[in-house]
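Participant: This is the structure I have questions about; it appears just below.
Just so it is clear, none of the values below were taken in a lab; they were calculated from the coordinates. What you see is a predicted model; the values in this text were computed from it and never measured. Glycine also receives a Cβ, built like all others from the backbone with ideal geometry; neighbour counts cover every protein chain displayed.
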Amino acid sequence: MNVALCAAFLEEDVWENRLVTAALPQRIEITECNSAEALLRILELKPFSLLVVVLNGVAGLEAVRHLREKAPDVSLLWISDEDYSLFGYQYRVTCFLQRTVSDAELHEAVAGCLEISEKGKEETAK
């Protein structure tokens with residue numbers, strides 16, 4: 001499964017490792033970037049099963065808003081330092097988590113997002 005990770009500079013590796021562990025036993029391939037603009041360009045290159053945005057404050061909100069315009073049907077996990085859960089609902093975010101995120105919370109969120117993504121692919125194939 002292809003996963004796109006948009007995290008703040010110097011946090012990408014930490015979140016990549018946490019996502020790989022959270023996705024077990026499924027294997028995922030992660031493409032990382034550190035800005036919404038880069039992620040939007042990456043979306044043009046290949047399809048993703050899950051988009052993960054780990055950006056604080058308004059940067060995360062803007063990233064999610066642009067991603068929903070560009071990829072309205074892709075599962076989206078948004079992790080922020082502030083409670084933007086109402087915006088998450090507005091932008092049809094699959095799962096919103098507020099920092100600090102435990103390994104168990106991350107595992108549950110990733111598993112749920114990937115399951116929704118798989119169901120969406122099955123529906124499309126029918």
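Participant: Return the sequence-ordered ³J(HN,Hα) values of segment 83-99 in whole Hz as given by the Karplus equation 6.51 cos²θ - 1.76 cosθ + 1.60 applied to θ = phi - 60°, using x for Gly and Pro.
Facilitator: 7, 9, 4, 5, 5, x, 5, 4, 9, 6, 6, 5, 8, 10, 10, 9, 4
Participant: Considering every pair of different Cα atoms, what Kirkwood radius, in Å, is found for the chain? Display every interim value, and only then the final one.
Facilitator: Values: mean 1/r = 0.0701 Å⁻¹.
After inverting the mean inverse Cα-Cα distance, the result is 14.3 Å.
Participant: Translational diffusion coefficient, Stokes-Einstein: compute it for segment 1-53 using the Kirkwood radius over C-alpha pairs as Rh, at 37 °C and 0.692 mPa s, and state it as an integer in µm² s⁻¹.
Facilitator: Using the Kirkwood radius from Cα pairs, D works out to 296 µm²/s.
Participant: Using the basic label-point model (7 angstrom from Cα toward the beta carbon), what is the residue 65 to residue 89 distance in nanometres?
Facilitator: 1.9 nm
Participant: A follow-up question, please. Using Cα pairs closer than 8 Å and at least 6 residues apart in sequence, work out the relative contact order for the chain, in percent.
Facilitator: Values: 196 pairs, mean separation 32.5, N = 126.
Relative contact order of the chain: 26 percent.
Participant: Contour minus end-to-end for residue 73 and residue 56, with contour as 0.36 nm per residue of separation and end-to-end as the Cα-Cα distance? Provide the component values of the computation, followed by the final result.
Facilitator: Details: separation 17, 0.36 × 17 = 6.12 nm, distance 2.31 nm.
Fully extending the segment from residue 73 to residue 56 adds 3.8 nm.
Participant: With a ≥ b ≥ c the root eigenvalues of the C-alpha gyration tensor of segment 39-85, is it rounded (a/c under 1.5), prolate (a/b larger than b/c) or oblate?
Facilitator: Working: a/c = 2.15, a/b = 1.89, b/c = 1.14.
In terms of gyration-tensor shape, prolate.
Participant: Could you put 119, 70 in order, starting from the residue whose Cβ has the fewest other Cβ atoms within 10 Å? Spell out each step's value before the answer.
Facilitator: Numbers: 119 11, 70 14.
Ascending number of Cβ neighbours within 10 Å: 119, 70.
Participant: Then there is this: So for the pair residue 9, residue 26, with labels modelled 7 Å out along Cα→Cβ, what separation do we get in nm?
Facilitator: It works out to 3.2 nm between the two label points.
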